[in-house]
Amino acid sequence: MIGIVDYGMGNLLSVFNAFEYLGISVKICSEPEDLSQVDRIVLPGVGAINQCILKLNESGFTEALNEQVIQLAKPTLGICLGMQVMAKQSFEGGTHSCLGWFDADVIRLNPGQPNLKVPNIGWNTIQFDKQIPLFKGLPEFSDFYFVHSYQVKVHHESERVATYQHGETVTAAIMKDNIFATQFHPEKSQDLGLTMLENFINWKP
Amino acid sequence: MSKKRLIPKLQLATSRNNPNKLVVVITKQFGDKIEIGDPVSQSKIFQDQSADELIFLNIESRKNNVKTLSEVIAKVSEEIFMPMTVGGGVSCDEDFRLLLSHGADKISINTKAVESPEFITEMSNKYGAQCVVVSIDYKKEEDGTFQVYTQGGTHATGLDPIQWAIQAEMLGAGELLLTCIDHDGMRNGLELQVPSSLVQQVNIPIICGGGCGLAKHFSDAFLQANVEAVCAGSFFAHRDQNLIQTRSQISNAGVEIRMQN
């Protein structure tokens, strides 16, 4: 069973519906204890990082996630803000300590050209830096849907598995051990997104 | 760099045959409504044709509250795995919460943003700028100037669309949705003067709509005004099944858009 972490941030329903559509049993985890009943975890998220951290800490999810994801090594997928919160720190509106699962910082997009907008909203062709089971069945030029103003900068390039170009090279996906996370929204990326979610369901890290 | 986006716009109103049902309608200059179908089945057609996003606007916000709208969105999001912008009558934090929790990704605000500009900032801080789309309806006046209208195009505000858009960005909007009321449903091309000028003055994406009748009208908006996205209602309603063909015409005109995978 897949558990979606419900800590009051963002669009859970779309992620839930996508897994249901793929025919997998999925549970919304509104309490930290719920995570012990699932064998895969999805950390979604839309919004501002300070609210996200605050809610994870207040609800007790931070502790529960550290136990389930780091100690018990359950396969885990982060989406958008759910990926950014896995970094060490974020510079969105100040400096915020995050979960620290990746040695990475979150900084603002800086395309450096007036015709390239922030937030970047829309479909971008991603480049795969590595062939991993999560990318199985995706064509070489795959478009995914992004909507973000901040980006993850990893300190170890080996943890970055996909990128795209927006006036600079932007991290599209990261992976480390049992954790995979995307800046784009697979649940909003039509067929290719569903393919990736299906790969996550079958992923054996 | 993101591909240019093509966005079907689904305007929702109460069905003439069933007062409890919201249907997709098309309008002319924000006037007469023609019913064209059910929002869920329309959305599925657009998804099959690889639309890049969908916009849902409740155009009778006095009659249909945000809760009714959110129920439609919930049904759509069971079968549609693409980004959705939703709006029409959104005026408080609870409206945002309700729509986002029912499957919306971005919320469009219009009248409320003009009445209480601080609302833009509050929602942007709470849900992130990427979530707040400020929708601006405008008309060309007899003296050649442009003016912003609210309340479904019925209330003149005295605001200049460009100045208002710039202010909305400063207040925290993440995207702008421009609609020229004079061109709505006329299918004779988009008004490009305002978007062309605005695109150079803001750093957030612009969606423009109102008036698409040919694939060329889309490519004109992309190539001449350099907007990030074009939305259309009547165009897609009249030319059922033709989104795929439209996409290749736009692509052939030299616009970088997503092609079907």
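For the reader, a short list of remarks on this structure follows.
- Kirkwood-type radius of the range A:21-60, with distances r between different C-alpha atoms, in Å: 11.9
- Accessible area of A:L138 (1.4 Å probe, protein heavy atoms only, ligands and nucleic acids ignored): about 20 Å².
- Estimated Rh, chain A: Kirkwood, alpha-carbon pairs, angstrom: 16.8
- Of B:I45, B:G128, B:T150, farthest towards positive along the dipole that unit charges on Lys, Arg, Asp, Glu beta carbons give the range B:16-160: B:I45
- Restraint check, A:K130/B:K3; A:K55/B:K106; A:K55/B:K3; B:K63/B:K112; B:K21/B:K139, Cα-Cα greater than 27 Å: A:K55/B:K3; B:K21/B:K139
- Local charge for B:D182 was computed over the other residues whose Cβ lies under 12 Å away, with Lys and Arg +1 and Asp and Glu -1, and equals -2.
- Relative contact order, whole percent, for chain A stands at 19, derived from Cα pairs under 8 Å and 6 or more residues apart.
- Rounded accessible area per residue of the protein assembly as shown, 1.4 Å, Å²: 38
- About the Cα centre, charge dipole magnitude for chain B (Lys/Arg +1, Asp/Glu -1 at Cβ), debye: 620
- Sorted largest first, the principal axis extents computed over the alpha-carbon atoms of the range B:1-81 equal 41, 30, 19 Å.
- Accessible-area value, B:D182, 1.4 Å probe, nucleic acids and ligands omitted, Å²: 50
- The P(r) of the protein assembly as shown has a tail past 39 Å containing 17 percent of all C-alpha pairs.
- Fraction of accessible area attributable to carbon and sulfur, the range A:153-198 (%, probe 1.4 Å): 43
- The range B:33-164 - convex hull of alpha carbons, volume per residue in Å³: 130
- Dipole magnitude (debye, nearest 20) for the protein assembly as shown, charges at Cβ of Lys, Arg, Asp, Glu: 700
- Computed from the C-beta positions of B:N252 and B:I45 and an R0 of 30 Å, the FRET efficiency is 0.85 to the nearest 0.05.
- The Cα atoms of the range A:47-137 cover 43, 38, 21 Å along the three principal axes, with the biggest extent listed first.
- Per-residue mean of C-beta atoms belonging to partner chains within 10 Å, peptide B:120-131: 5
- Charge dipole (debye, nearest 20) of chain A; +1 at Cβ of Lys and Arg, -1 at Cβ of Asp and Glu: 320
- Just checking the listed ones, B:F96, B:F46, B:F146: in the Gaussian network model of chain B with Cα springs under 10 Å, the one fluctuating most is B:F146.
- Separation between Cα centres of the range A:54-72 and the range A:18-49, rounded to whole Å: 13
- Taking every alpha-carbon pair within the range B:186-230, the share separated by more than 15 Å comes to 31 percent.
- Of the residues B:L177, B:I107, B:L10, the one whose Cα sits farthest toward the positive end of the charge dipole of chain B, with +1 on the Cβ of Lys and Arg and -1 on the Cβ of Asp and Glu, is B:L10.
- The residue list A:F184, A:L99, A:A73 was ranked by how far each Cα lies along the charge dipole of the range A:2-202 toward its positive end, using unit charges on Cβ atoms, and A:F184 comes out on top.
- Diffusion constant of the range B:95-237 at 4 °C, which comes from Stokes-Einstein with the Kirkwood Cα-pair radius and 1.567 mPa s, µm²/s: 85
- Dimensions of the range A:60-106 along the principal axes, based on C-alpha atoms and rounded to the nearest Å, stand at 32, 19, 17, largest first.
- Computed per residue of chain B from DSSP H runs no shorter than four, each worth -39500 (n - 2.57), the mean residue ellipticity at 222 nm is -9000 deg cm²/dmol.
- The equivalent ellipsoid of chain B has semi-axes of 23, 23, 18 Å, largest first, where each one is the square root of 5 times an eigenvalue of the Cα gyration tensor.
- Quotient of Cα Rg and 2.2 N^0.38 Å for the range A:102-203, N being how many residues it contains: 1.03
The values are calculated or read from the model by the stated rules, or taken from the named source; none is laboratory data. If you're wondering where the values come from, they're calculated on a predicted model, not measured in any experiment. FYI the Cβ positions are ideal-geometry reconstructions off the backbone, even for glycines, and counts take in every protein chain you see. What goes into the accessible areas is simple: the full protein's heavy atoms, side chains included, and nothing from ligands, DNA or RNA. Shrake-Rupley method; radii C 1.70, N 1.55, O 1.52, S 1.80 Å.
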